[in-house]
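The values are calculated or read from the model by the stated rules, or taken from the named source; none is laboratory data. Remember, it's a predicted structure, so these values are computed and weren't measured experimentally. Here Cβ is always computed from backbone atoms with ideal geometry, including for glycine, and neighbour counts include all displayed protein chains. Areas reflect the complete protein model, heavy atoms only, side chains present, ligands, DNA and RNA absent. Shrake-Rupley method; radii C 1.70, N 1.55, O 1.52, S 1.80 Å.
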Amino acid sequence: MNFIKKNSTNILFAILIGLLLYPPTKVYFIRLISFSPSVISVENSVQLKDYHWNLKGLNTSDLDFNQTKNKVIFVNFWATWCPPCIAEMPSIQKLYDDYKDEVTFIFVNNENWNTISDFYVEKNYNLPTYTGITDTPPELKSSSIPATFIIDKKGHIIADKKGASNWNSKKVRTLLDELIK
């Protein structure tokens with residue numbers, strides 16, 4: 001009993017670290033602390049200079065990024081093994097379900113289709129997923145995932161978020177409604 005009293009904080013700390021390393025618990029904690037992304041004003045935004053990006057559709061048609069000019073675009077780079085990516089996917093699926101007819105959604109993943117398909121079936125997702133054929137535009141390159149960008153009709157990057165976020169928030173929905181007008 002004396003051992004437990006002396007080491008109780010160490011034991012609690014070890015349990016907490018264990019929970020954070022265990023993938024399902026890790027995803028839960030990431031969802032708990034995910035907030036809406038920040039919006040960038042047009043004056044402070046970066047504008048896409050080049051739309052030359054070809055994507056191979058894994059569960060959808062291939063895409064020439066030039067076809068997205070003058071459209072509102074939501075681009076997300078992610079992986080099935082990435083806990084922050086997994087944490088934000090339910091909010092992205094809800095957003096996609098409501099805006100798929102008004103916003104061009106592009107989910108980029110370099111894993112093989114069987115891995116992604118199994119993940120989608122297990123989680124009941126149906127997001128249009130691509131792998132890059134040509135180089136990603138420099139303004140959309142990121143060394144970390146998830147990396148998500150919302151681009152207005154004129155090519156301004158209005159949201160640039162690295163890490164998990166709540167994409168189904170009122171703030172994001174209001175932003176998309178304004179950009180669609």
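Key figures
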read-out	value
Residue check for residue 106: under 15 Å from the mean Cα position of the chain (by Cα), within 23 Å of residue 64 (Cα to Cα) and crowded, with 20+ Cβ neighbours inside 10 Å	yes
Positions within the range 50-94 being open to solvent by 50 Å² or more (accessible area, probe 1.4 Å) and not polar (S, T, N, Q), in sequence order	50, 52, 56, 62, 64, 69, 71, 81, 94
Hits in the range 116-157 - residues which are among the charged types (D, E, K, R), more than 17 Å from the chain's Cα centre (by Cα) and not in a loop (DSSP other than H, G, I, E, B)	118, 122
Pair list, Cβ under 8 Å, 6 or more apart: the range 93-120 residue closer than 23 Å to residue 152 by Cβ, other residue open to solvent by less than 10 Å² (accessible area, probe 1.4 Å) and hydroxyl-bearing (Ser, Thr, Tyr)	104/68; 106/68; 107/129; 108/129
Which listed residue is modelled with pLDDT under 70, open to solvent by less than 80 Å² (accessible area, probe 1.4 Å) and more than 20 Å from residue 107 (Cα to Cα), from 37, 23	23
Of all residues in the range 159-181 being touching a Phe, Trp or Tyr at 6+ places or on another chain (Cβ under 7 Å) and under 14 Å from residue 85 (Cα atoms), the one that is least open to solvent (accessible area, probe 1.4 Å)	165
